[in-house]
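A.B. asks: First the structure, which I've put down as structure tokens, then a few questions once you've had a look.
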């Protein structure tokens, strides 16, 4: 955990006071809606179909139990008793009143969480591997750097009015859980030959209507240069990124139009001017940030405690453990993922009661810490293995021991037409129907790892391009249709999926998914071959045939 | 539009001269970049008074650099409050090219941009609304801490913490 100090607290409180004044001026008519729109967006406030939506940042996905309780309080006091976790380590509340927003913001500020730059054309919440600091084999904890970047990007005097939104993600593991290749800037932490920390810097990834996988702009930028290098990228983008067309304004288009070599040369020229300047990080500054991260005092624990051996006789527990429990860097500890994808429910939602209960479980069994991942699931990052049976029981009691992590029903979906004013089609009911079709745990297990991503429009908030199966809602003659892609992935081998054929109507989507899955089961070389690997080996043709033969 | 400088609403001493109008013999003048670049030497050599240039946000400030020490005013433009290119131009003029004259924000300049603009190096503001101009002093006090260093000389939080730490360890 990063602990706020007086400086952080002062800044957040000053932000709340500023926003309170802005809301007051809007309500009195002093600010027009056009003027206010930009200000509210800079504070995470959208106007949706039915109400204002409020998006709160969970930087690098790390949340303390008291913060989760406060989110539960906001859900209860100002919303309808639930919240929605997003793909970028944010939580959204969908029914908030404008006049009450400053109070909600002030309540959150008391526990060190805020909503600055969670929307608008600025640098968004810096995200990271949700298992940062606990994943085995990690180079080092990337959150130190994510925090440095969070501070650097917050209320930046030059880059708060960019051509378009700007997202940075960071990972320090070989397996990329932060989807860095679909970000405007992706950072992969690594060591050089001298053992010094630095980053492979990727740029220009993103989905939306023109999807691109990020390209490497520089294979190694030293840690002490990372802020100046990021500033150089942003300075080039702020000056030359397109502002004439909202759909061509992201940095990926600038990189694409200039070509990565030309873009890299522009950045290099700018960087050489500033790299020895005020942004250079000396070891003292990095150490100071590092010193304000708290790490649990792990105990010596057996690798295979008796409690776990006994619980192994319970098939329900075993199903959950095998699916949702992951190795920890510390012997005797484990990472327990908490799926927010119950059958028939909207993906990523949690009720206030569930949040409170989960905060209690975290206090008792996970050093008071919770993680939020881009798959819209949560995790308890430091559970003693001997406590796993107790954690499972506690999760069962609140309906959150759902053994479908990484399986076909662990669906990523945007809010879609049920909430969003941009959407062309519904996402949540599609997800709900698919989870019902694959509700049988044994079937889902037989299928194995399979990520389904659903977006209700081309803006791609559900990351459909990089779903193993991607589902995109479009509108045809006032009816909801869905384009289906397969073979996408968001990890270190990121790829965009391929369209399998014409869009299908709402009522047929779940059938098509079932057909694709059946085709995979028949086509895979062996049970261990993942769906994406079968698609890679065979191409989309056999799947297309199967789906469209009878349509 | 009211002009704010040094925290006060003041009268604008500059006269905006259109591209085809004759230059007044006396007094401070403000010209477009087109007029300026058509004959910069004559303009910077004019004896009658100070010179200012309105520089658009889609042209590199590099073209202005050779003349900076002879300009009393550079006016940068915010065609919309959403368009942030002039923040970069301002920082480059101040921090890279050492421009010390008046740096004026023009166009859609609203209260809620003041702090960003000050930090980017602006010291004069043609404010769209009278009420915003009157609220200038109060508005710029909104923030007392800043996370990142910029050219305005304010200490960043990163360095402030180090100073606190040093003074603590020195027993001060």
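A.B. asks: Within the bounds of region A:219-228, is there any residue that is modelled with pLDDT of 95 or more, under 23 Å from residue B:91 (Cβ atoms) and in a strand (DSSP E or B)?
C.D. replies: From region A:219-228, those modelled with pLDDT of 95 or more are A:219-228; that's our starting set.
Still in the list and also under 23 Å from residue B:91 (Cβ atoms): A:221, A:224-228.
This time we only want the ones that are in a strand (DSSP E or B), so: A:221.
Yes, some residue in region A:219-228 is modelled with pLDDT of 95 or more, under 23 Å from residue B:91 (Cβ atoms) and in a strand (DSSP E or B).
A.B. asks: Within region B:126-139, count every residue that is under 26 Å from residue B:95 (Cα atoms), in contact with a helix residue (DSSP H, G or I) (Cβ under 7 Å, 6 or more places away or on another chain) and either assigned to a strand (DSSP E or B) or without any contact (Cβ under 8 Å) to a residue 40 or more places away in the chain (or both).
C.D. replies: 1
A.B. asks: Now for a different question. What are the residues in region A:350-394 that are outside any strand (DSSP E or B) and within 19 Å of the chain's Cα centre (by Cα), if any?
C.D. replies: A:355, A:373, A:374, A:375, A:376, A:377
A.B. asks: If you go through region A:267-299 one residue at a time, how many are within 30 Å of the chain's Cα centre (by Cα), closer than 30 Å to residue B:56 by Cα and within 12 Å of chain B (Cβ to nearest Cβ)?
C.D. replies: The qualifying residues number 1.
A.B. asks: When you check residue A:139 against the structure, is it surrounded by fewer than 24 Cβ atoms within 10 Å (Cβ to Cβ) and in a loop (DSSP other than H, G, I, E, B), yes or no?
C.D. replies: yes
A.B. asks: Only one of these is within 14 Å of chain B (Cβ to nearest Cβ) and buried (at least 19 other Cβ atoms within 10 Å of the Cβ): A:88, A:124, A:40. Name it.
C.D. replies: Values: A:88 fails: within 14 Å of chain B (Cβ to nearest Cβ); A:124 fails: within 14 Å of chain B (Cβ to nearest Cβ).
Checking each option against the conditions leaves just A:40.
A.B. asks: I would also like to ask the following. Could you grab me the full set of residues in region B:60-89 that are within 10 Å of chain A (Cβ to nearest Cβ) and either in contact with a strand residue (DSSP E or B) (Cβ under 6 Å, 6 or more places away or on another chain) or part of a loop (DSSP other than H, G, I, E, B) (or both)?
C.D. replies: Listed by number, the residues that qualify are B:60, B:78, B:79, B:80, B:81, B:82, B:83, B:84, B:86, B:89.
Rundown of residues vs (1) farther than 21 Å from residue A:540 by Cα; (2) within 23 Å of the chain's Cα centre (by Cα); (3) in the same structural domain as residue A:183 (by TED's automatic domain parsing), yes/no style:
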position: A:462; (1), (2), (3): yes, yes, no
position: A:467; (1), (2), (3): no, yes, no
position: A:475; (1), (2), (3): yes, no, no
position: A:486; (1), (2), (3): no, yes, no
position: A:503; (1), (2), (3): no, no, no
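A.B. asks: Taking region B:1-47, which residues are out of contact with any strand residue (DSSP E or B) (no Cβ under 9 Å at 6 or more places or on another chain) and on the phi > 0 side of the Ramachandran plot?
C.D. replies: Listed by number, the list holds a single entry, B:7.
A.B. asks: Go through region A:527-544 residue by residue and tally those that are over 28 Å from the mean Cα position of the chain (by Cα), touching a residue at least 12 places away in the same chain (Cβ under 8 Å) and assigned to a helix (DSSP H, G or I).
C.D. replies: 5
A.B. asks: While we're here: Restricting attention to region A:169-195, report how many residues are within 21 Å of residue A:279 (Cα to Cα) and either out of contact with any strand residue (DSSP E or B) (no Cβ under 7 Å at 6 or more places or on another chain) or crowded, with 24+ Cβ neighbours inside 10 Å (or both).
C.D. replies: Residues that pass the stated criteria total 8.
Residue by residue, here is whether (1) in contact (Cβ under 8 Å) with a residue 24 or more places away in the chain; (2) touching a helix residue (DSSP H, G or I) at 6+ places or on another chain (Cβ under 9 Å); (3) more than 14 Å from chain B (Cβ to nearest Cβ); (4) crowded, with 22+ Cβ neighbours inside 10 Å holds:
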{"site": "A:32", "(1), (2), (3), (4)": "no, yes, no, no"}
{"site": "A:82", "(1), (2), (3), (4)": "yes, yes, yes, no"}
{"site": "A:97", "(1), (2), (3), (4)": "yes, yes, yes, no"}
{"site": "A:100", "(1), (2), (3), (4)": "no, yes, yes, no"}
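A.B. asks: Residue B:159: free of Cβ contacts under 8 Å to residues at least 60 places away in the same chain, loosely packed, with under 13 Cβ neighbours inside 10 Å and either more than 8 Å from chain A (Cβ to nearest Cβ) or part of a helix (DSSP H, G or I) (or both), yes or no?
C.D. replies: The answer is no for residue B:159.
A.B. asks: Residue B:6 passes all but one of (1) exposed (fewer than 13 other Cβ atoms within 10 Å of the Cβ); (2) more than 30 Å from residue B:115 (Cβ to Cβ); which number fails?
C.D. replies: The failed condition is (2).
A.B. asks: Can you tell me which residues in region A:41-56 are touching a strand residue (DSSP E or B) at 6+ places or on another chain (Cβ under 8 Å) and not in a strand (DSSP E or B)?
C.D. replies: Applying the first criterion (touching a strand residue (DSSP E or B) at 6+ places or on another chain (Cβ under 8 Å)) to region A:41-56 yields A:44-48, A:50-56.
Within region A:41-56, A:44, A:48, A:50, A:51 qualify.
A.B. asks: Please go through region B:51-82 and give me each residue that is without any contact (Cβ under 8 Å) to a residue 40 or more places away in the chain and buried (at least 19 other Cβ atoms within 10 Å of the Cβ), ordered by number.
C.D. replies: If the condition is that a residue be without any contact (Cβ under 8 Å) to a residue 40 or more places away in the chain and buried (at least 19 other Cβ atoms within 10 Å of the Cβ), then B:51, B:53, B:55, B:57, B:61, B:64, B:71, B:74, B:77, B:78 are the ones that fit.
A.B. asks: Still on this structure, please answer the following. Of the residues that sit in region A:246-255 and are at pLDDT 95 or above and farther than 19 Å from residue A:200 by Cα, which one is nearest to the other protein chains (Cβ to nearest Cβ)? Reasoning before the result, please.
C.D. replies: From region A:246-255, those at pLDDT 95 or above are A:248-255; that's our starting set.
After this cut, where a residue has to be farther than 19 Å from residue A:200 by Cα as well, the list is A:248-250, A:253-254.
Values: A:248: 15, A:249: 11, A:250: 15, A:253: 17, A:254: 13 Å.
In this case the residue turns out to be A:249.
A.B. asks: Give the residues of region B:111-156 that are within 14 Å of residue A:18 (Cβ to Cβ) and within 7 Å of chain A (Cβ to nearest Cβ), sorted by residue number.
C.D. replies: Across region B:111-156, the qualifying residues are B:112, B:116, B:142, B:143, B:144, B:145.
A.B. asks: Can you tell me which of A:393, A:345, A:329 is out of contact with any strand residue (DSSP E or B) (no Cβ under 9 Å at 6 or more places or on another chain) and free of Cβ contacts under 8 Å to residues at least 12 places away in the same chain?
C.D. replies: Unique residue meeting the criteria: A:393.
A.B. asks: Restricting to region A:2-23, what's the tally of residues that are outside any helix (DSSP H, G or I), in contact with a helix residue (DSSP H, G or I) (Cβ under 9 Å, 6 or more places away or on another chain) and more than 10 Å from every other protein chain (Cβ to nearest Cβ)?
C.D. replies: Qualifying residue count, region A:2-23: 2.
A.B. asks: Another one. Every residue in region B:90-106 that is in contact with a helix residue (DSSP H, G or I) (Cβ under 8 Å, 6 or more places away or on another chain), surrounded by fewer than 19 Cβ atoms within 10 Å (Cβ to Cβ) and either more than 9 Å from every other protein chain (Cβ to nearest Cβ) or over 26 Å from residue B:32 (Cα atoms) (or both), please.
C.D. replies: Listed by number, the residues that qualify are B:97, B:98, B:101.
The values are calculated or read from the model by the stated rules, or taken from the named source; none is laboratory data. As the structure is a computational prediction, the values presented were derived from the model and not from experiment. Please note: Cβ atoms are built from the backbone with ideal geometry, for glycine as well, and neighbour counts cover all protein chains shown.
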